[in-house]
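The values are calculated or read from the model by the stated rules, or taken from the named source; none is laboratory data. Bear in mind the structure is a predicted one, so any value in this text is a computation, not a measurement. Counting neighbours? That spans all protein chains shown, and the Cβs are built from the backbone with ideal geometry, glycine included.
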C-alpha cells in the first residue's frame, strides 16, 4: 500500500473512530471549555452528541431543555391521521446522558447574559465559555391576537410543535361532526417545514375518507401556491382526495372568531368546525430577546462556517431560528449542528475549520399511512455570497409510493437515532 | 486503534505525517469529508451504521462505494433520491467518502 493511501486510511480511521490529533495543550483547552446548549430539538441534541463524540468525550457539554422528552415534528402528522401513536415519535434524552456523557438539565431558560456569559434559568445561572442556542420557532400572534389566550390556544391548536397539541388536534378531528369542515391555515413563507401543512391536509383527508367521508379539509394558504412539492401534492389531491380537500391560495387570515370557528380572509368568510391555525413564525423567543434577529426582526443571521451569530459573535445559533435561506427542516438542523460542532472543536484545538461546508437535505411527506414522496438537495457554502447555496442535482420524487414510505420510515428511525442515541 | 491513549495516537500520526503543517492541511480536508459524511447519517445512521432499512455504509469497500455512487450519478432515473444526492457531490468528494466509510467499523 502506498504511503499516501496508508495515511488517508489511517486519518480516516482516526476521524471515523472519533479520534482527534490533540496536542497536550489542545487537549487541555478542550477539557476546560464549558459548552452550554439551549434547546434539545434536532439541532441542539445533535450538536450535544457530536461535540462529545468528535472531542473524544473530552469536551464538557451541558444541554438545557424545558421539555421532559423529545417529540418529533416529522411524522407527527400521521398521529393526526391516526396511523401512528404519539408514543412512537417520543424519545427520551437518556442515551445522550448515559452513552455520551451530556449533562442534560430540564429547565426553562429565562434569559441570556452575554456579558457575564451566563444562561439565566429559574433555578439559577449556568456559566458558559461557548453558547449554542437552538430555540426553534415562536409564533407571531400580532395579526390575530384573539388566538393568543390559553383558552383560544386550546380551541385553536397549532400543533406545530409536536406533543400535547398534536393529540388535542387529533381528538378534535375524531369528534368533529359528520360533514364538518377541518380548516388548516398556512402562514406566509418562511415557516417551519414548508410541505408540513400540505402533508397534514393529506393525513386529515385520509382520516376523513375512512371515518367521516362527507367531511372536508379546507386549506387557507397565505401563500400564492403550495410552497413545496407542489405538483406532487396537487396530483395526489386530485387523484385520491378529490372533493375532500378544498385548497384556497392567496388567503391570508384577517380575522377569526374562536368560539364560532368563523374565519375571514381578505375576500371570503368561512365556517369551520375544527380550526387549525398555523400562525406566522419567527425565531424562538429567546433568540429574539437576546437581540440576535436581523433588521427584519424575525430570523437570525449567522456565519455559515461556525454558526456564530452576526449580532453577538460569541453566541452560536442553529436550527429553525436561523435565516439560512434553506427550508426549515429537521435534516438541515441536524446537518448545521454537525458543521457547528466540527468548527467549534477545530478552533479549540487550533486547527482551521472546514471553510467550505457541504451538507445534504432529504425531506419526506406522507400522502397517507403508507406512501410518501421526497425532495432532496445538496447545499454548499458560497464564500462570496456568504451563504449556503443549492448544489447541482437535487430533485423530487416522480410520484408518491409505498417504497418511498418505507424509505421515509427508515429516514425517521435513523435521524432520531443519529440525534439522540 | 481504540484503547490507545490520546498522546500515543497523536505521536503515531505525527510520525506518519511528518510535520505539523501537513497535519493541519490533512485535518482540514478530513474535516470536510467528516462533516459531509455525517450529513449522510440522517438516512444511513451515525458513523454509517443504519438502524433501519436504509443500507449501512460503514465498512463498505471503497471500490463498491465509488462504483455505486458513480452509477447513481450516471443513472437515467432522475427521480431517485440517491441519484439526486450523488449529482450534488464532486467526484473528489465521492472518492474521499469512499475511503472514509470503508475505514469505519462495519455493523456486526
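A few notes on this one:
- Check on residue A:373, more than 26 Å from residue A:287 (Cβ to Cβ) and crowded, with 21+ Cβ neighbours inside 10 Å: yes
- Any chance residue A:335 is more than 8 Å from chain B (Cβ to nearest Cβ), touching a strand residue (DSSP E or B) at 6+ places or on another chain (Cβ under 9 Å) and at negative phi: no
- All positions within segment A:61-93 that are closer than 21 Å to residue B:46 by Cβ and more than 21 Å from the chain's Cα centre (by Cα): A:61
- Positions within segment A:396-420 being more than 7 Å from chain B (Cβ to nearest Cβ) and over 24 Å from residue A:206 (Cβ atoms), in sequence order: A:419, A:420
- Residues that are more than 20 Å from residue A:140 (Cβ to Cβ) and part of a strand (DSSP E or B), drawn from segment A:220-256: A:245, A:246, A:247, A:248
- Residue that is farthest from residue A:334 (Cα to Cα) [pool: residues in segment A:375-408 that are in a helix (DSSP H, G or I) and free of Cβ contacts under 8 Å to residues at least 24 places away in the same chain]: A:403
- Members of segment B:65-108 that are more than 8 Å from chain A (Cβ to nearest Cβ), under 20 Å from residue B:30 (Cα atoms), without any contact (Cβ under 8 Å) to a residue 40 or more places away in the chain and in a helix (DSSP H, G or I): B:65, B:66, B:69, B:91, B:92, B:94, B:95, B:98
- Test: residue in segment A:348-363 that is at pLDDT 95 or above and more than 9 Å from chain B (Cβ to nearest Cβ): yes
- Breaking point among (1) buried (at least 24 other Cβ atoms within 10 Å of the Cβ); (2) under 26 Å from residue A:147 (Cβ atoms); (3) touching a helix residue (DSSP H, G or I) at 6+ places or on another chain (Cβ under 8 Å), for residue A:278: (1)
- Output for segment A:129-149, where each listed residue is free of Cβ contacts under 8 Å to residues at least 40 places away in the same chain and under 24 Å from the mean Cα position of the chain (by Cα): A:142, A:148
- Pick from segment A:281-293, criterion part of a loop (DSSP other than H, G, I, E, B) and under 20 Å from the mean Cα position of the chain (by Cα), ranking: nearest to residue A:148 (Cα to Cα): A:284
- Test for residue B:52: is it within 7 Å of chain A (Cβ to nearest Cβ), buried (at least 22 other Cβ atoms within 10 Å of the Cβ) and modelled with pLDDT of 95 or more: no
- The residues listed here are A:389, A:378; of these, the one that is within 24 Å of residue B:45 (Cβ to Cβ) and not assigned by TED's automatic domain parsing to the domain that holds residue A:41 is A:378.
- Residues satisfying the stated conditions in segment A:88-119, i.e. part of a helix (DSSP H, G or I) and under 24 Å from residue A:332 (Cα atoms): A:88, A:89, A:94, A:95, A:96, A:97
- When each of A:221, A:129, A:150 is tested for being at pLDDT 95 or above and farther than 21 Å from residue A:328 by Cα, the lone residue that passes is A:129.
- Filter result for the condition that a residue is surrounded by 23 or more Cβ atoms within 10 Å (Cβ to Cβ) and touching a strand residue (DSSP E or B) at 6+ places or on another chain (Cβ under 8 Å), over A:258, A:263: A:263
- Any hit, segment A:317-330, residues being free of Cβ contacts under 8 Å to residues at least 60 places away in the same chain, within 11 Å of another protein chain (Cβ to nearest Cβ) and either assigned to a loop (DSSP other than H, G, I, E, B) or crowded, with 24+ Cβ neighbours inside 10 Å (or both): no
- Selection of segment A:378-395 for residues being surrounded by 15 or more Cβ atoms within 10 Å (Cβ to Cβ) and within 7 Å of chain B (Cβ to nearest Cβ) yields A:378, A:391, A:393, A:394, A:395.
- Selection status of residue A:56, at pLDDT below 95, over 23 Å from residue A:184 (Cβ atoms) and surrounded by fewer than 24 Cβ atoms within 10 Å (Cβ to Cβ): yes
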